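One structure is given here, and the rest of the page talks about it.
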Amino acid sequence: MPSTTVLMTIAIYVISFAVGFLAYYLTSNLSSTAKRKNVELMISYLINLVLFIWVAKVVMQLPLFLSDPIAVLAYPSNAQAFYLALLLLAIQMNYQVKKHGLQIQNLLVNYIPVLVIASFTYQFMDIVWRDNPLAWGNFVLMMFLLLLFLLVRERMQDHILLISLIISWLSGKLILSYLLPFTTIFGYMIHPLFLITVSIISLLILLLQRERVSS
């Protein structure tokens, strides 16, 4: 049933990110106060993304939602809603950068391991719980990125580490999009052009913020 599918999907998301945040809290070298502050900030953006996904889903199917809300809410969101939600989140973060001095690089340095571990856990549960053979490619990619992060995080400057991870992630996802019928991000089927666009924008933001800090 649609409701069962939604509940299962939500459970997998909650467990995946709970593992990601727990791993970050246990392995970070920051003080307890700094870690708690970072976790609260990351969770707030994650909650905002979830809310934006629901808003995007309603907006994109507004006529159907007005006539039959359950028909919209009972089914998982599609990739278009995910794209729109990310755009809304990017607008919010841009506002935070200009008005409150949000440091994107610092946010990504803390969030990258959470996202990688959460995605690794998600793919593992997709294989074990849903018996999805197509999840193996993303599972191996996330395992590689996690090992890369753990091996080089103390040897590289933050911006170089982030650039290396973004390029590695993009390369891996593009290879998977060629080898598999489709590639996904947390269950959303993603077009390769979107992967390239997001990666280029992320790299440009990191480089521009780096120049701004250096000048």
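The values are calculated or read from the model by the stated rules, or taken from the named source; none is laboratory data. Here the structure is a predicted model, which is why all the values come from computation and not from measurement. Note: ideal-geometry Cβ built from the backbone for every residue, glycine included; neighbour counts use all protein chains shown.
Assorted remarks:
- Exactly one residue among Leu87, Leu107 is touching a residue at least 40 places away in the same chain (Cβ under 8 Å) and under 24 Å from Ile167 (Cα atoms), and that residue is Leu107.
- Positions within segment 168-188 being more than 17 Å from Leu86 (Cα to Cα) and outside any helix (DSSP H, G or I), in sequence order: Leu180, Pro181, Phe182, Thr183
- Residue match in segment 115-127 (condition: touching a residue at least 40 places away in the same chain (Cβ under 8 Å) and exposed (fewer than 15 other Cβ atoms within 10 Å of the Cβ)): no
- Whenever a residue of segment 62-73 is modelled with pLDDT under 70 and of a type in the set (Val, Ile, Thr), its partners that are surrounded by 12 or more Cβ atoms within 10 Å (Cβ to Cβ) and not in a helix (DSSP H, G or I), lying with C-beta atoms within less than 7 angstrom and at least six residues away or across chains, give the pairs Val72/Gln61.
- Restricting attention to segment 152-192 and to residues that are small (Gly, Ala, Ser) and out of contact with any Asp or Glu (no Cβ under 9 Å at 6 or more places or on another chain), the residue that is surrounded by the fewest Cβ atoms within 10 Å (Cβ to Cβ) turns out to be Ser171.
- Leu161 vs. criteria in contact (Cβ under 8 Å) with a residue 60 or more places away in the chain and assigned to a helix (DSSP H, G or I): no
- Search result, residues across segment 115-141 that are assigned to a helix (DSSP H, G or I), of a type in the set (A, V, I, L, M, F, W, C) and closer than 19 Å to Ala11 by Cβ: Leu115, Ile117, Ala118, Phe120, Phe124, Met125, Ile127, Val128, Ala135, Phe139
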